[in-house]
Structures are given as structure tokens and as C-alpha cells.
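The values are calculated or read from the model by the stated rules, or taken from the named source; none is laboratory data. Bear in mind the structure is a predicted one, so any value in this text is a computation, not a measurement. Positions of Cβ are generated from backbone atoms using ideal geometry, with glycine treated the same way; all protein chains shown enter the neighbour counts.
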Amino acid sequence: MPALGGSNLFSLDLIESHKSPAVLEKFKSHNITLSRIPVGCTSLVQRLDFAINKPFKDIMRELTDEAIFAIESAITFHK
């Protein structure tokens, strides 16, 4: 049963697992219409992924790397 009732639209990229018969049948059985995003078009179609999520992940990755480096430096210093 779809969460919102009626038909729902779901966007997917074009990786092979998204195109398997089992996956396609599961979406169809739940009345979900698929919208496939062509390679290289994420920035045009999924604006939040491009404009907010990616920069946020980049910042988190940088902060995590800095924290790990600081911890490793402190451990090495204490040895």
C-alpha cells in the first residue's frame, strides 16, 4: 500500500539493480511510477542532492578527517 495513497512517483538513477525485474515488479505492485534520471543529470533533477546534500557531506568528511588526524596525532605524541 503506498504511503500517500493513490499513485506515487519515485526517482531512480540508472544503475543496473534498479532495472531488475524483481525491483520493477515490487514498485509496480505498490502502484509506484518510476522516473529514471539519466547519467549526468542529477544536478538538474535532484537539486537538493546537488546543492545541499553533497556540500554537507563534503564538510562532514573534512571535519571527520581532521578529528581522526587530531586523535591519531595525540596518540602518537603520548607514545
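Kindly indicate whether I75 is surrounded by 10 or more Cβ atoms within 10 Å (Cβ to Cβ), part of a helix (DSSP H, G or I) and among the β-branched types (V, I, T).
The answer is no for I75.
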Scope region 12-24; condition surrounded by 10 or more Cβ atoms within 10 Å (Cβ to Cβ) and modelled with pLDDT of 80 or more; matching residues:
L12, K19, S20, V23, L24
Unique match (being within 14 Å of the chain's Cα centre (by Cα) and assigned to a loop (DSSP other than H, G, I, E, B)) among L14, L48:
L14
Kindly list, by first and then second residue, each pair from a residue in region 1-23 that is aliphatic (A, V, I, L, M) to a residue that is modelled with pLDDT under 80 and surrounded by 11 or more Cβ atoms within 10 Å (Cβ to Cβ), limited to pairs with Cβ atoms under 7 Å and residues at least 6 apart or on different chains.
L12/H18
